[in-house]
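Notes to accompany the following structure.
The values are calculated or read from the model by the stated rules, or taken from the named source; none is laboratory data. Just so we're clear, the structure is a prediction, and the values are computed from it rather than from any experiment. Neighbour counts run over all protein chains shown; Cβ positions are idealised from the backbone, glycine included.
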Amino acid sequence: MISEQLMKVLNDQMNYEFYSAHVYLAMAGFCASEDLDGFSNFFIVQAEEERFHAMKIFNYISEMGGRVNISSFEYPENEYESILDVFKKGLAHEKIVTQRIYDLTDLATKEKEHATISFLKWFIDEQVEEESTFGSLVKKLERISENSNALYMLDTELSQRTFTPPTTKE
Ligand code: MG
């Protein structure tokens, strides 16, 4: 049985994942306005991933007999200084998500809620990937600096990104 407090924090995290999708859609819009359609695609796919994360928690709450509670969230940032600024903020956002997942896991551990601890393990692993993806793009963009050829090459590379939801029930 999941406690009321843990259920509330799971709901909060679900809503935060929906908010993350909005954050990345705003970034996609900024990139599109800079004619960087590959970067824009990267963030559109990222937003799809975030909605998938949110729905994963949505389904878990229902499965555990809880009640999904959708709430609204703050406005995401729509203005950025540069493409590097976008990715630095993306990385900072992912670090916040990681901390939130850790706090959630700490609470589940405190409550000896083993099913939830096991459920959250997927998110912990996912965050390693998210931080690594954003971290490596920040480094690449710092190296690219003013080299527009390299920037367009990276844009082309990121235009290939697609969203494939995991086929197993994860
Ligand atoms: Mg996420």
**Prompt:** If you take the residues of segment 6-48 that are over 14 Å from VAL97 (Cα atoms) and touching an Asp or Glu at 6+ places or on another chain (Cβ under 8 Å), which of them is surrounded by the most Cβ atoms within 10 Å (Cβ to Cβ)?
**Reply:** PHE39
**Item:** Pairs, first more than 18 Å from SER148 (Cβ to Cβ) in segment 31-52, second modelled with pLDDT of 95 or more and among the hydroxyl-bearing types (Ser, Thr, Tyr), C-beta under 6 Å, six or more apart
**Value:** ASN41/SER159; PHE43/TYR24; GLN46/TYR24; ALA47/TYR24; GLU50/SER20
**Prompt:** Does GLU113 satisfy being farther than 30 Å from ASP35 by Cα and surrounded by 16 or more Cβ atoms within 10 Å (Cβ to Cβ)?
**Reply:** yes
**Request:** Determine whether GLU126 is modelled with pLDDT of 95 or more, part of a helix (DSSP H, G or I), among the acidic types (Asp, Glu) and within 15 Å of the ligand (Cβ to nearest atom).
**Result:** yes
**Request:** Please work out if SER82 is crowded, with 20+ Cβ neighbours inside 10 Å and without any contact (Cβ under 8 Å) to a residue 24 or more places away in the chain.
**Result:** no
**Asked** Within segment 116-128, restricting attention to residues that are under 16 Å from the mean Cα position of the chain (by Cα) and among the aliphatic types (A, V, I, L, M), which residue is surrounded by the fewest Cβ atoms within 10 Å (Cβ to Cβ)?
**Response** VAL128
**Message:** Considering only segment 53-74, I want to know if a residue exists there that is of a type in the set (A, V, I, L, M), closer than 19 Å to SER136 by Cβ and either touching a residue at least 60 places away in the same chain (Cβ under 8 Å) or outside any helix (DSSP H, G or I) (or both).
**Reply:** no
**Prompt:** Can you tell which of GLU81, GLU94 is within 23 Å of SER136 (Cα to Cα), charged (D, E, K, R) and in a helix (DSSP H, G or I)?
**Reply:** GLU94
**Asked** Applying the selection to segment 58-86, what residues are within 16 Å of the ligand (Cβ to nearest atom) and closer than 30 Å to GLU146 by Cα?
**Response** PRO76
**Request:** Read through the list (1) touching a Ser or Thr at 6+ places or on another chain (Cβ under 9 Å); (2) over 19 Å from ILE124 (Cβ atoms), then give the number of the only condition that PHE73 fails.
**Result:** (1)
**Request:** Kindly provide the set of residues from segment 23-57 that are more than 12 Å from the ligand (Cβ to nearest atom) and not hydrophobic (A, V, I, L, M, F, W, C), ordered by number.
**Result:** GLY29, SER33, GLU34, ASP35, ASP37, GLY38, SER40, ASN41
**Complete:** The lone condition TYR102 fails out of (1) within 15 Å of the ligand (Cβ to nearest atom); (2) in contact (Cβ under 8 Å) with a residue 24 or more places away in the chain; (3) not small (Gly, Ala, Ser) is (2)
